[in-house]
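First up is the structure itself, then whatever we jot down about it.
The values are calculated or read from the model by the stated rules, or taken from the named source; none is laboratory data. This is a predicted model, so every value here is computed, not measured. Here Cβ is always computed from backbone atoms with ideal geometry, including for glycine, and neighbour counts include all displayed protein chains. Accessible surface is based on the protein model in full, side chains and every heavy atom, while ligands, DNA and RNA are left aside. Shrake-Rupley method; radii C 1.70, N 1.55, O 1.52, S 1.80 Å.
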Amino acid sequence: MRQIALTLPGAEEGTSYGTLACKVAGKLFARQHQDGESLVIRVDFEEREELMNADPEKFYITDHYLNYPWMLVRLSKVRQDELSDLLVQSWRRAAPKRLLAAFHGIEEE
């Protein structure tokens, strides 16, 4: 997670709830869950429902996240390319417009 997340523009390493976290412009976009086996990422509620219904072994929430736009991902169940896509989407939800524009330019190169 760390290797992928920190390649994104403006991404910074920090902590959240005592675990490794990645932030952009001070906003959390991913963190290691305290179980040590899952990743917490930002998602919208509709996408979260779709992903959890499609693969509940990989994507899930706890009661804590029920009313928040976050989802847990079991790292042992996710492919590297899929993890990268999930982290980019989570980063996009937290990043300021200027970084989104810079990232869009990088993607087009």
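Data overview
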item: Average accessible area per residue (Å²) across the range 42-109 - probe 1.4 Å, nucleic acids and ligands excluded; result: 64
item: Ellipticity estimate at 222 nm from DSSP helix runs (n ≥ 4, -39,500 (n - 2.57)) divided over the chain, nearest 500; result: -11000 deg cm²/dmol
item: Charge-dipole axis of the chain as Lys and Arg at +1 and Asp and Glu at -1 on Cβ define it, positive-most pick from 88, 17, 39; result: 17
item: Compactness of the range 1-41, expressed as Rg and Dmax over alpha-carbon positions, Å; result: 9.3, 28
item: Label-zone membership for the range 75-100, site residue 7, 7 angstrom Cα→C-beta point, backbone N under 14 Å; result: 80-89
item: Local net charge near residue 60, Cβ-Cβ under 12 Å (Lys/Arg +1, Asp/Glu -1); result: -2
item: Stokes-Einstein translational diffusion, the chain - Kirkwood Rh over all Cα pairs, 0.890 mPa s, 25 °C, in µm²/s; result: 174
item: Using alpha-carbon coordinates, inclination of helix 80-94 to the longest axis of the chain, degrees; result: 70
